[in-house]
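Comments concern the structure below.
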There are 2 protein chains.
Amino acid sequence: MTNSRRKEWATSGIDLFLDFSRAAGPRLRARIENGFREAIRTGRLRRGTQLPPTRALAQDLGVSRGTLLEVYAQLAAEGWIAGRRGSSTVVAFDADPPRGATPIRAPSLVRWRFDLRPGRPDPSSFPRMEWLRALRRALASAPNEAFGYGSPQGQVSLRIELAGYLSRARGLHAVPDDLLITTGFTQGLGLVARSLAARGIRRTAMEEPSMHLHRSIVRAAGHELVLIPVDSDGMRVEQLEHGDGVGMVVLTPNRQHPTGATLSAPRRSRLLAWARATGTLIVEDDYDGEFRYDRRPIGPLQGLDPGVVVYGGTASKTLAPGVRIGWLVLPESIRQDGILQKELADWHNSTLEQLAFAEMLRTGAYDRHIRRMRLRYRRRRDTVILALTTNHPTLVVKGTEAGLNLLIPAPDASAEAAAIAAASAAGIGLDGLILGGYYESPGPAGLLVGYGATPQHAFRASVEALILALSDVVSDWPLLAKQT
Amino acid sequence: MTNSRRKEWATSGIDLFLDFSRAAGPRLRARIENGFREAIRTGRLRRGTQLPPTRALAQDLGVSRGTLLEVYAQLAAEGWIAGRRGSSTVVAFDADPPRGATPIRAPSLVRWRFDLRPGRPDPSSFPRMEWLRALRRALASAPNEAFGYGSPQGQVSLRIELAGYLSRARGLHAVPDDLLITTGFTQGLGLVARSLAARGIRRTAMEEPSMHLHRSIVRAAGHELVLIPVDSDGMRVEQLEHGDGVGMVVLTPNRQHPTGATLSAPRRSRLLAWARATGTLIVEDDYDGEFRYDRRPIGPLQGLDPGVVVYGGTASKTLAPGVRIGWLVLPESIRQDGILQKELADWHNSTLEQLAFAEMLRTGAYDRHIRRMRLRYRRRRDTVILALTTNHPTLVVKGTEAGLNLLIPAPDASAEAAAIAAASAAGIGLDGLILGGYYESPGPAGLLVGYGATPQHAFRASVEALILALSDVVSDWPLLAKQT
């Protein structure tokens, strides 16, 4: 028996969700009102969207029409909606424009028919049963102390399991003491940046292109950025040697985000030698190192020199972003500072989720899930590459060896924008090198196609829709050279 | 069937936990070694503690003695332990001293026989079954999107439930849009402080005494502090009017931490009028407002003037600190900044835990749990006050109307230290005004006695032990006046 009545009403292609379980009378009315306010505020219902007639909606929701008339009257009084005389009611309010000067790519609340944005795993593949089983076991076996304040560094049992996993599966040098449990790379990057800023180290090199959010996090911690270009061998690390006074370098050596390049072996050596010589801290963002398809996994930088590298990993791509578990492997020099920053940030992670994750590692359920997903994503990659190259043979497809997305260079910004607009019109979410803010200086254009987020049953359809949507716009793209 | 073999070995009154499930050979050995390293590093096994003989431990753990001999040899080689010839093996390593210049009260890893430190709820009362039920329901009903990246502001369904609860139970003015879901007040305070710092507001008034961790968080966000004294009517708000250029005030108006004073009605009015006139933001830390025993709940400041007050609440005291859920109610002026800072900090809370908490609110399980705990804590408070005043009639007991702890003024710092040492020798954890770093300038001494954290079955015994432990030290304390 469920107490929840959840209804969906398709209006102009946008779904309106109202959850008003166990409510009645004024509370029910307030819930429906809040549902509308939220949908309008967040832009799910856009200005001009036609609202369903009260009579039809009342039937759909199983509430009285009178309640809905009151709801509409209240929302109209507040300026959210407007009734057109003798006609339908429409949304009258413009959702907040994107936040001021910081165009962070917020989690979009638009519901795409197909979400092909990069860096997102398939949420429909989240192992609900395994996670519930792990939570149940953790709840049953946790000592009472587990519900009190815990260690900022993270639960010992999780650090033991994770150190074992990282050594075994990812080639890291890590013992439990080296680990700091975080809520994801987002948090970990901030902790490291603030640790260094507190020591007066406030100049950091990052890749260009790179994630806008990451650059914002480092800047918000008080750092100036030096942006280093990327080519098909990854970050051009020789440019670090120009003597810019950089004290920290953040990079994605195992699969450059978003270009997909792997940092070459000579550059790895050169970077580490330089870091050792100058006392610079390297922060290695290994955001999806588990998904490598065509050759054996690249060993992380950290495995080569644990003394100068902070390794950042996450369960956001392997389990789900909604779980919020990540980790740092910290060299001795920065460990206590990192733990202190974690304490200042949020004291520690949810203990129960740490114990559940430890349980999944312990039982092998995490490894099994990763193996299953690696196979699934590899097949998806093969499907999307075949479809693209067969149907649009002039397109170059890059960054295909690993990960959850690939890159299609575009001739210029307007071509990129046209392709993304065409996809959007077909209900497909894509990202672009320029649109997504990956570059700060003028940089090349390109489409980022993620094959992670689509539910399995819809994947083929999503690829077909993409091919169709791109047909008109990419047919006259020149064959672009291989460098980014 | 469980795959876990968990053993406990009592050594010198300290428990040694080794969890080495499903391991064998080198991995098993590594686990046991790590268990020891961790126990020594964290101070659970202190320098000089005698280790169990390998023969006895091998039997206890069900492993070969050879494995343990290797473990001991490795640990000795690393300097953790030392064998005394012809005698037993002892811990040779001193756990890290408290971190450098920042004496943050880290979660103690010492296992007290009775934990009477303040600000801690009873972890043995955590509603495991209700939480599991809520998690299960949330997992079963969550749409796939719930496992993707979510809104930094928090899940809509939780904000709807929480706004209803806060309005109904705590007298706040809050609609779902006003709420930002955090991982606790620790995080919320940092988000607000960084939001203001980004606008150039970097001068903040806080109470003295107050939590050291909170002062560190605000300072780490780049603020200078102005410390305002506290008396039996709470923060002396008139001192804010000296024109120090303060742009933010952080206080605990409903129950001053740690003195227990309530901010008087005239001071509430004066503070809010001043804040409105000067455009100052008030941050109200309502850390345990749910536990008020003798008179009706104090209405939070936020209910009086939602336009100038940020309200911070938490489930750390009502459910458990280990859950890591809190919330801010933000005035319009700071809302988008707060949400942006949350995104920069950790993107968003665990979605599943948000949905589970919403479920507990929706079904009334949260309300029921709070009612049950309020009654339990009130009885504990009565017990501890009766025992203290009966056995040590010269003691003054303050801050008794609400919350999870009370304050016993001490004549001076050395008397406070002696009492805490006597309690510690009896296996009782206490905190002190001076020892706990609540004051930065010289301030009065006092014992903070928490009656929250002890498991229910051990509560009477803990009070008896406390009375006994204090007998020798407090008998000659003069009767101290009522002001702090």
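The values are calculated or read from the model by the stated rules, or taken from the named source; none is laboratory data. Here the structure is a predicted model, which is why all the values come from computation and not from measurement. Glycine gets a Cβ as well: all are built from the backbone with ideal geometry, and neighbour counts include every protein chain shown. Calculation scope for accessible area: heavy atoms of the full protein, side chains included, ligands and nucleic acids excluded. Shrake-Rupley method; radii C 1.70, N 1.55, O 1.52, S 1.80 Å.
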Mind jotting down the three principal axis lengths of the stretch A:237-317 based on Cα atoms? Whole angstrom, largest first. 37, 22, 22
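In percent, what relative contact order does chain A have, based on Cα pairs under 8 Å that are 6 or more apart in sequence?
Working: 876 pairs, mean separation 87.9, N = 484.
In percent, rounded to a whole number, it is 18.
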Angle between the Cα long axis of helix B:156-170 and the longest principal axis of chain B, 0 to 90 degrees, nearest 10? 70 degrees
B plus A alone minus the pair: what accessible area, both sides summed, probe 1.4 Å, in Å² to 100? 7000 Å²
Per residue of the stretch B:286-292, in order, report the coupling 6.51 cos²θ - 1.76 cosθ + 1.60 (Karplus, θ = phi - 60°) as ³J(HN,Hα) in whole Hz, putting x for Gly and Pro. 9, 6, 9, x, 6, 9, 10
Is the shape of the protein assembly as shown rounded, prolate or oblate, going by the alpha carbon gyration tensor and its root eigenvalues a ≥ b ≥ c, with a/c under 1.5 for rounded and a/b larger than b/c for prolate? oblate
In nm, spacing of pseudo-spin labels at B:Arg372 and B:Asp233 (7 Å Cα→C-beta vector): 4.1 nm
Computed on alpha carbon atoms, what radius of gyration and Dmax characterise the stretch A:144-245, expressed in Å? 17.0, 55
Could you tell me how far the Cα centroid of the stretch A:403-452 sits from the Cα centroid of the stretch A:289-344, in Å? 28 Å
How far is A:Asp412 from itself in the other copies, in nm, if each label sits 7 Å out from Cα along the Cα-Cβ line, shortest first? 8.3
Three-way shape label, the stretch B:360-446, alpha-carbon gyration tensor, a/c 1.5: prolate
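Beyond 17 Å, what share of the Cα-Cα pairs of the stretch A:284-407 remains, rounded to the nearest whole percent? All intermediate terms of the calculation are to be shown ahead of the outcome.
Numbers: 5175 of 7626 pairs.
Pairs farther apart than 17 Å: 68 percent.
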Interchain or sequence-distant (5+) residues whose placed amide H lies within less than 5 Å of the amide H of B:Ala445 are B:Ala410
Residues with amide H under 5 Å from that of B:Asp431, placed H, sequence gap 5 or more: B:Leu448, B:Gly450
Using the Karplus curve 6.51 cos²θ - 1.76 cosθ + 1.60 with θ = phi - 60°, work out ³J(HN,Hα) for each residue of the stretch B:410-427 in order, rounded to whole Hz, and write x for Gly and Pro. 10, x, 6, 4, 6, 5, 4, 4, 5, 5, 5, 5, 5, 5, 4, 4, 8, x
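Taking Cα atoms of chain A, Rg/Rh with Kirkwood Rh, to two decimals? Before the final figure, lay out the partial values.
Values: Rg = 24.5 Å, Rh = 24.6 Å.
With Rg and the Kirkwood Rh in hand, the quotient comes to 1.00.
What part of the accessible area of the stretch A:335-484, given as a whole %, is carbon or sulfur when the probe is 1.4 angstrom? Please report the intermediate quantities before stating the final value.
Numbers: 3090 of 5490 Å².
It is 56 percent, rounded to a whole number.
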Measure nothing but the geometry: give the 0 to 90° angle between the long axis through the Cα atoms of B:65-77 and the longest principal axis through the Cα atoms of chain B, rounded to 10°. 60 degrees
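Give me the count of lysine pairs in the protein assembly as shown whose alpha carbons sit under 21 angstrom apart, restricted to pairs 8 or more positions apart or on different chains.
Numbers: A:Lys317/A:Lys398; A:Lys317/B:Lys342; A:Lys342/B:Lys317; A:Lys342/B:Lys342; A:Lys398/A:Lys482; B:Lys317/B:Lys398; B:Lys398/B:Lys482.
The result is 7.
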Cα extents of the stretch A:189-230 along the principal axes, largest first, in whole Å, come to 29, 16, 12
Using Cα pairs closer than 8 Å and at least 6 residues apart in sequence, work out the relative contact order for the stretch A:302-392, in percent. 18 percent
With every protein chain left in place and a probe of 1.4 Å, what is the accessible surface of B:Arg368, to the nearest 10 Å²? 110 Å²
Mind ranking A:213-225, B:466-478 by how tightly packed they are, going by the mean number of other C-beta atoms within 10 angstrom, highest first? A:213-225, B:466-478
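Could you work out the percent of alpha carbon pairs in the stretch A:173-298 separated by over 19 Å, rounded to a whole number?
Values: 3818 of 7875 pairs.
Every Cα pair in the stretch A:173-298 considered, those over 19 Å come to 48 percent.
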Using alpha carbons only, how many degrees (0 to 90, rounded to 10) separate the axis of helix B:185-198 from the longest principal axis of chain B? 50 degrees
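Provide the per residue accessible area, probe 1.4 Å, for the stretch B:162-250, rounded to a whole number of square angstrom.
31 Å²
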Taking H as built 1.01 Å from N, whose amide H comes closer than 5 Å to the amide H of B:Ile228, not counting residues under 5 places away? B:Met206, B:Glu207, B:Glu208
Kindly give the distances from B:Gly245 to its copy-mates, label point to label point, with each label point 7 Å from Cα along Cα→Cβ, as nm values to one decimal ordered shortest first. 2.5
Distances in nm, one decimal, shortest first, from B:Thr400 to the same residue in every other copy, taking the label point 7 angstrom along Cα→Cβ. 7.8
The protein assembly as shown - share of DSSP beta bridges that are antiparallel (%, nearest 5): 60 percent
Short version: which residues of the stretch B:170-192 lose at least 20 Å² of accessible area, all chains versus chain alone, 1.4 Å probe? B:Pro176, B:Asp177, B:Thr183, B:Thr186, B:Gln187
